[in-house]
Amino acid sequence: MKTTQARFRAAVLVGSVLAFAVGVPAQNPKSNNTWPYATGDIFAAPVLAVVGDVSCQPGETEPSGEKAGESCTTAKSPYVSTSLWQSQEATANQIEALHPAAVALLGDLQYQVGQYSDFEGSFDLTYGAFKFLQRPAPGNHEFYDEHGATGVAGYGYFSYFNGFQIDTTGAPLTTTITDPCPPGLIWTPNPPAAPSSPCNYPGVTTPNPQPIPRADGQAGHFEEASGVADGWYSYNLGTWHLISLNIECSTQPGGCSTSGPWFAAELAWLKKDLEENPSACTAAYWHQPTFSATNSITPEGIASQAFWQLLYQYGADLVLNGHDHLYARYQPLDPNGTPDPRWGIREFIVGTGGETLDPIVNATVASGANETSQEDPTGNVNFNAQNLQAYSGDYWGVMGLTLYPNGYAWDYESALAGPSGLVAINGPTFPAPNANGGYSDKGLGSCHGPHNWGW
């Protein structure tokens, strides 16, 4: 029987204790194919690669914005020795070396506004190598105006992952996208505006022709008639149930209100999906976190508490987010942010795919440009100090999540360190960096059990 050089830890649940047998060789008795066509023994626990906030804007410098110069060619200071081409390539290489069964992408995959041409000119040149393994969720940079560029309302994102319609000559059918964030729809960070009206940065208001996406595909459903994107879906990997959600609600019909037609439809779908799936282990992911390791909760992040309420009600185990350009792990929490070691959900933030890194805030919050000065929706100024268990804003990297039948093992490994001047800016790192200057965070967790019993 052929074995690979990789090793994995087989897990079984003994009573309420998760036990791991170390050193069992990973085997693929069914096929001689190599990754990505063969992703291991059908009886082995699959590995899910997890990362977000990936690809720089290709070939130009932004006209304006908070992070001017955050393009592929000229990175923001102090990124003088590390271009954003290097960082996204480093994490792409890391994913390929990991040989995952699938890749959960946590939004903001293509900066600044996710035009189709930008996906082709940046994201596709690195992450495109394993596109068919990707299970994406969208971010604000795929939908809204960002840093002086006018948003394309998800059209580029859906066209890249779902494909696009063509005319009789084979050319893409295109449409001109009106500005999804017209003047007046601007988010003021202190205090946060109502969830129905945040657009972080005004665009240049120039119409952006984009391909018209196909209705269904890798990124979920897109409704051509209305131009409204659903973009939520679920799938199973091994014995786990995984849910990709779309929290880019601000410019959708009804905004981020739970009674608005767009967001209410997503919540109804999520409730039904949870009711109908009996998996012992469940993880959900979307872009903006409810609990922020860099004190920058958005109105979308606050709105996503509604996801937490349903996930907690049905016994989900993990929430995976991006948006904060850092790595963070929280202790298990209830939807209000109260520690709950028995039924709580553990949140990971893995926004370290390649874009400029953010500072960790694990002390009393302080106001900053374009920040809400909130770590959690309740305004607890010590929330991160009380609940963060691991964190770093100094490294790009990817988390490998091994999905066992009754539990999981996480292994976040750095792919590339930020430039030396970053450490003093981005604050503390815990656990401390390795002797070789890299960073890792590893651990084990058990699942709550079948989650379709409801309350």
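Tabulated results
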read-out: Relative packing of peptides 132-142, 91-101, 396-406 - highest average C-beta neighbours within 10 Å first; value: 132-142, 396-406, 91-101
read-out: Cα centroid of the stretch 372-391 to Cα centroid of the stretch 285-301, whole Å; value: 11 Å
read-out: Residue-normalised accessible area of the stretch 276-406, expressed per residue, 1.4 Å probe, Å²; value: 24 Å²
read-out: Residue-normalised accessible area of the stretch 224-270, given per residue in Å² at a 1.4 Å probe; value: 33 Å²
read-out: Carbon plus sulfur fraction of accessible area for the stretch 229-341, probe 1.4 Å, in percent; value: 53 percent
read-out: The stretch 210-313: GluC sites (Glu not before Pro) in DSSP loop, at most 15 other beta carbons within 10 Å; value: E224
read-out: Efficiency of FRET from Cβ geometry, K271 and K76, R₀ 41 Å, rounded to 0.05; value: 0.50
read-out: Trypsin sites (Lys or Arg not before Pro) restricted to the stretch 282-356 and DSSP loop, no more than 10 other C-beta within 10 Å; value: R342
read-out: Of all DSSP beta bridges in the stretch 271-352, antiparallel share, percent nearest 5; value: 40 percent
read-out: Sequence of D324, D340 when ordered by accessible area, the most exposed leading, probe 1.4 angstrom; value: D340, D324
read-out: Once the Cα gyration tensor of the stretch 401-442 is diagonalised, semi-axes √(5λ) in Å; value: 27, 10, 9
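The values are calculated or read from the model by the stated rules, or taken from the named source; none is laboratory data. The structure displayed is predicted, hence computed values, not measured ones. FYI the Cβ positions are ideal-geometry reconstructions off the backbone, even for glycines, and counts take in every protein chain you see. Areas reflect the complete protein model, heavy atoms only, side chains present, ligands, DNA and RNA absent. Shrake-Rupley method; radii C 1.70, N 1.55, O 1.52, S 1.80 Å.
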